[in-house]
Amino acid sequence: MSSKDAQAPWSRAEFEEQLRAKGKNYHIHHPFNLRMNSGQCSPAQIRGWVANRCYYQSIIPKKDAAILSNCDDRETRRKWIARILDHDGYDDYQGHHAGGMEAWTQLGEAVGIPREELLSMSHVVPGVRFACDAYVDFARRRPWQEAVCSSLTEMFAPQIHKDRLATWPKYYNWIAPAGLNYFRSRIPLAQRDVDHGLDVTLDYFTTSEQQARALDILQFKLDILWTMLDAIEKAYPE
Ligand SMILES: O=C(O)c1cc(C(=O)O)c2c(n1)C(=O)C(=O)c1cc(C(=O)O)[nH]c1-2
């Protein structure tokens, strides 16, 4: 029995604090990201990152659909479905939204990758593919609340988007500013996603053993993001 098992569970506030403390392992601290946001990446490295991250963008709606397919709570499904529409976009009675994948495609064009080439995923390296596929696989197989918990790396995403908006125009003036719209669009959406994801997680993982499991799940997801940058770093050397 670990020392945590013998303890009383954390309060909601303490548990949230423990989840947020995992931010120290976020890919914002990865050497490739540090170089990217301090102007040290070549155009080929930026293009490599955009092309490989496109695969992550493409699996997010499939991951969210897997969560929906396992979720037996209508209230959760009503909220969760918005995540798919955020990325895929829509043309319906609610109007028109081009979606995050389209915004990512515009980022691709702004860095010099033609749309068809980007969407063909021909640049995606094996490590990135394996890491992203592991995320979808987890969401398909595990209880939906665990998959919701794994999405909580988004707690740390607004800062990384803000960093790119603050640094890229300065260091990479060859990238048309409109290409950065994806990052701008995600800041409020990530906040909304986190508010909901945290509610689910704080409600579901209540014993000390479950809370420890939630931290492990979050670490698994942090590892996916970290592994992606390891693979990208290796594929596009200095
Ligand atoms: O640019 C990033 O570093 C970053 C990280 C993450 C994340 O932490 O998982 C997401 C995003 N961006 C993002 O744009 C996004 O839509 C998103 C959805 C999710 C998820 O797990 O459901 N993570 C992320």
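Computed values, structure above
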{"read-out": "Using alpha-carbon coordinates, inclination of helix 157-171 to the longest axis of the chain, degrees", "value": "20 degrees"}
{"read-out": "Nitroxide proxy distance, nm - points 7 Å out along Cα→Cβ at residue 38 and residue 81", "value": "4.7 nm"}
{"read-out": "Rounded tilt (10° steps) of 181-204 against the dominant C-alpha axis of the chain", "value": "10 degrees"}
{"read-out": "Accessible area of residue 135 in the full protein assembly, 1.4 Å probe (Å², nearest 10)", "value": "0 Å²"}
{"read-out": "Positive-end residue, the chain charge dipole about Cα centroid, Cβ charges, pick of 27, 138, 152", "value": "27"}
{"read-out": "Selection of chymotrypsin sites (Phe, Trp or Tyr not before Pro), the stretch 160-238, meeting DSSP coil and at most 14 other Cβ within 10 Å", "value": "174"}
{"read-out": "Reference-scaled alpha-carbon Rg (2.2 N^0.38 Å with N residues) for the chain", "value": "1.04"}
{"read-out": "Pairs from 22/162; 24/221; 63/221; 62/221; 63/170; 24/63 whose Cα-Cα separation, in the structure shown, is over 23 Å", "value": "63/170; 24/63"}
{"read-out": "Cα centroid of the stretch 71-148 to Cα centroid of the stretch 181-238, whole Å", "value": "15 Å"}
{"read-out": "Charge dipole (debye, nearest 20) of the chain; +1 at Cβ of Lys and Arg, -1 at Cβ of Asp and Glu", "value": "400 debye"}
{"read-out": "Nearest 10 degrees, 0 to 90: helix 208-235 Cα axis against the chain principal axis", "value": "20 degrees"}
{"read-out": "Heavy atoms of residue 155 accessible to a 1.4 Å probe, total area in Å² rounded to 10", "value": "20 Å²"}
{"read-out": "Lys/Arg +1, Asp/Glu -1 at C-beta; the stretch 57-110 dipole; positive extreme among 57, 99, 71", "value": "71"}
{"read-out": "Relative contact order (percent, whole number), the stretch 12-235, Cα cutoff 8 Å, 6+ residue spacing", "value": "32 percent"}
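The values are calculated or read from the model by the stated rules, or taken from the named source; none is laboratory data. Not measured: the values here are computed from a predicted model. All Cβ positions, glycine included, derive from the backbone under ideal geometry; neighbour counts span all protein chains shown. The area values use the complete protein model at the heavy-atom level, side chains included, leaving out ligands, DNA and RNA. Shrake-Rupley method; radii C 1.70, N 1.55, O 1.52, S 1.80 Å.
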